[in-house]
1. Restricted to the stretch 277-293, and to residues that are open to solvent by 10 Å² or more (accessible area, probe 1.4 Å) and assigned to a helix (DSSP H, G or I), which residue is nearest to V167 (Cα to Cα)?
2. Just checking, which of L23, L35 is modelled with pLDDT of 85 or more, open to solvent by less than 10 Å² (accessible area, probe 1.4 Å) and under 21 Å from the mean Cα position of the chain (by Cα)?
3. Right, G385: open to solvent by less than 30 Å² (accessible area, probe 1.4 Å), closer than 30 Å to D259 by Cβ, in a helix (DSSP H, G or I) and at pLDDT 80 or above or not?
4. Applying the selection to the stretch 45-58, what residues are farther than 18 Å from L115 by Cα and open to solvent by 70 Å² or more (accessible area, probe 1.4 Å)?
5. Looking at L365, L352, L338, which one is within 14 Å of the chain's Cα centre (by Cα), open to solvent by less than 40 Å² (accessible area, probe 1.4 Å) and either modelled with pLDDT under 75 or within 29 Å of P88 (Cβ to Cβ) (or both)?
6. Sort out which residues of the stretch 170-185 are open to solvent by less than 40 Å² (accessible area, probe 1.4 Å) and either hydroxyl-bearing (S, T, Y) or in contact with a helix residue (DSSP H, G or I) (Cβ under 6 Å, 6 or more places away or on another chain) (or both), and write them in order of number.
7. Filter the stretch 391-402 down to the residues that are within 18 Å of L294 (Cβ to Cβ) and open to solvent by 20 Å² or more (accessible area, probe 1.4 Å), then identify the one that is nearest to the chain's Cα centre (by Cα).
8. If you check P333, P311, P353, which single one turns out to be in a helix (DSSP H, G or I) and touching a Cys at 6+ places or on another chain (Cβ under 7 Å)?
Amino acid sequence: MSPKLSRVMRSSPYWPVISHTTLRRVLPGFAVSSLGDGMAVVAVSWLAIELAPAADRGVWVALAAAAYTLSGAVGALLLGRFLRHRPPIQLAGWDAVLRAGALGAIPVLHVFGMLGIEGYVALLAVSSVLHAWGQAGVYTLIARVLPERDHLAGNAVLSGVGSIATVVGPSLATLLIVFGGPATVLAVDATTFLVLAVTFLVAVPKDAVPEPEDDTASRTAGFAVIRRIPALSGLLALSFAFFFLFGPVYVALPLHVSDDLGASAGVLAAFYTAFGIGAVLGSVLTGFLSRWRLGPTTVGIVIGFGALMLPLGLGAPTAVSVVCFGMAGLLWPPYSSLSTTLFQRSTPSALLPQTLAANSAVRVLSVPLGTALGGPLVAGLGAVGALRLSGAGIAMVGVVAAAALTQRRIRCGGAHGPSSATATAAGAHRTTPAAIRSARTSAAPTARSPCCGPRSRGSTPPQKPASTPIPSRPANSSDEPTSSASSTATTPNSQAQTIPRNHDEP
């Protein structure tokens, strides 16, 4: 490697992530499993179309897509007692083991002619029971092994790996479907999760991820954290609406391709591949957004995403629809990474897995609910009508959030500088020692002002227990940023300073 190229790489915001000892072991397995997931995007719905009765295909495709994620929310809600104290590597590894086993059973049963549509949906549901906890484990690992300034880049790397898999996966899935059928794709997907399980449970040392000293949170700790920070609960509401309204696309798009366009799985793969290409570019750009105002950026992403979805529902030519779908993909990773970073900075480290699992449960629940709604929508409006309603609804949610953000900034005295905002955050909600002890046991972090702006570069953050939080886009997390468990609290960098004051009531 030339010295010049080496300097460029080391100056990249992603260098601390890809050069980290623990992450170098995790990322290859994560990339392999992401490739399998990228292939499954096509195979899950296509196998449901093959197995379901012709008259009820829309309903069964919706149920299959929903089952693949819905049970993850149930697992997040019901399994907290057993999983809330588990190390993040263990959470991710167990999720991978379950997914490998359940998905691997699908092609086996299919080969012996024993797979019906009901059993297929049931196995998809079983495969995802631990998915919310698995995701929480992965992002908790990022927050604990990296310093706070690198959280956004770490989240962007994971998002970028998934985006690349979305580009390559559908094309590989199309080839496998042609020569072996969609069940073969799911067999490959199961194998990739087996690789991920070995990565987390065998290849990564048990002491590679630091554990927090305080781990006495209650079972409902994650939801308590979100409930007590209006910025997080507001962002979670925005995310729920965004993903819920995108859910019908998983039903409407395959049926639009197969029925309205009379096209093959290759055209469906082209849509997903375009989305993936845009997502790859978006992931690369995400690491450079640390100086942007995160609140307005998030709302703008939602509005832009909805607008780019509209051509699919307005009868635009297939080529135009594919391009617009790809441009929408460009906006997907920044939203996910920025919101995750904000959660990581707002949640105490000991409560991070629970909070991320709770966040994942609500967000994961939104997509299956929207997907389940896709069946009736397609039946009543047709595939094109469902796509049109999805795009318009997402754009409208963004407009409503923008109005709420503007109103909140006016109420909070947006004209005041960072110093006054910091003073408000630091003094308005001082917690007593008793309150801090109560927060630790009930899962809530130190109280924050619902109306806080970014801190100026020279200011020093109030001291708080070491913590690291996850994704969502808080309005005030920058006022009392937290550090990862592996480092002491320090003055936040520009990423922390740009956390908005807005999403208290999106």
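1. It comes out as I277.
2. It is L23.
3. Judged against the criteria, G385 is a match.
4. Within the stretch 45-58, A55 is the sole residue that qualifies.
5. Sole residue among the options that is within 14 Å of the chain's Cα centre (by Cα), open to solvent by less than 40 Å² (accessible area, probe 1.4 Å) and either modelled with pLDDT under 75 or within 29 Å of P88 (Cβ to Cβ) (or both): L338.
6. Once the filter is applied, which keeps residues that are open to solvent by less than 40 Å² (accessible area, probe 1.4 Å) and either hydroxyl-bearing (S, T, Y) or in contact with a helix residue (DSSP H, G or I) (Cβ under 6 Å, 6 or more places away or on another chain) (or both), the stretch 170-185 yields P170, A173, T174, I177, P182, A183, V185.
7. Among those residues, the one meeting the criterion is V397.
8. After applying the criteria, what remains is P311.
The values are calculated or read from the model by the stated rules, or taken from the named source; none is laboratory data. Keep in mind that this is a model prediction, so the values were computed, not measured. Cβ coordinates were reconstructed from backbone atoms using ideal geometry, including for glycine residues, and neighbour counts include every protein chain displayed. Protein only, heavy atoms only, side chains kept; ligands, DNA and RNA dropped before computing areas. Shrake-Rupley method; radii C 1.70, N 1.55, O 1.52, S 1.80 Å.
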